[in-house]
1. In percent, what relative contact order does the chain have, based on Cα pairs under 8 Å that are 6 or more apart in sequence?
2. Roll a 1.4 Å probe over the protein chains and send me the accessible area per residue for the stretch 1-92 in Å².
3. If I fit a long axis through the Cα atoms of helix 44-59 and take the longest principal axis of the Cα atoms of the chain, what angle between them do I get, 0 to 90°, rounded to 10?
4. Between beta-carbons, use under 10 Å as the cut-off and find the net charge around residue 19, counting Lys and Arg +1, Asp and Glu -1.
5. Per DSSP helix of 4 or more residues, -39500 (n - 2.57); summed, then divided by the residues of the chain. What does that give at 222 nm, rounded to the nearest 500?
6. So, counting K/R as plus one and D/E as minus one, what does the shell of residues with Cβ under 15 Å around residue 96 add up to?
7. Quick one: with all protein chains in place, what share of the accessible area of the stretch 1-93 is carbon or sulfur, to the nearest percent (1.4 Å probe)?
8. Could you name the lysines in cross-link range of residue 119, using Cα to Cα under 24 Å and dropping any fewer than eight places away on the same chain?
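The values are calculated or read from the model by the stated rules, or taken from the named source; none is laboratory data. For clarity, every value in this text was computed on a predicted model and none was experimentally measured. Counting neighbours? That spans all protein chains shown, and the Cβs are built from the backbone with ideal geometry, glycine included. Ligands, DNA and RNA are excluded from the accessible area calculation, which covers all protein heavy atoms including side chains. Shrake-Rupley method; radii C 1.70, N 1.55, O 1.52, S 1.80 Å.
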Amino acid sequence: MILEDFYKVSNTSLAGDDAITTLKVNKDHEIYKGHFPGRPVTPGVVLMQLFKEEAERIFDKKLQLVRAENVKFTAVFDPTHDAALILESNLTETGEFIKLKGVAKNKDGIVLKISSLYKTC
């Protein structure tokens, strides 16, 4: 896990190509000391990394991002307001590639929508 101590996986459920993972985000993580003091905001690149790490866990493979498309940040994820983050993913593996379509959300709604392609390392 690249984001050491940033989150813990609370639950993952798999059904075919679909995965739902609930994470508990550490509101006291170092990232939030500079982003931003008094008003923690999870950086967009960190949210994107969470999907990569989810796919690595599910497939038990190291992955490298090849392409990210249709990345839409729709709301701020503030872990002091709600530390639970839900990643809903559709994951398909074709040869050495894994395609992901995902949505990250909390109790207030969608935070990120992403379509990405990873290559196994």
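1. Numbers: 230 pairs, mean separation 32.9, N = 121.
In percent, rounded to a whole number, it is 27.
2. For the stretch 1-92, the solvent-accessible area averages 58 Å² per residue.
3. Between the helix axis and the principal axis of the chain, the angle is about 40 degrees.
4. -3
5. -5000 deg cm²/dmol
6. Values: positive: 61, 62, 67, 99, 119; negative: 56, 60, 93.
Charge balance near residue 96 sits at +2.
7. Carbon and sulfur together cover 52 percent of it.
8. Reachable lysines: 52, 61, 62, 72, 99, 101.
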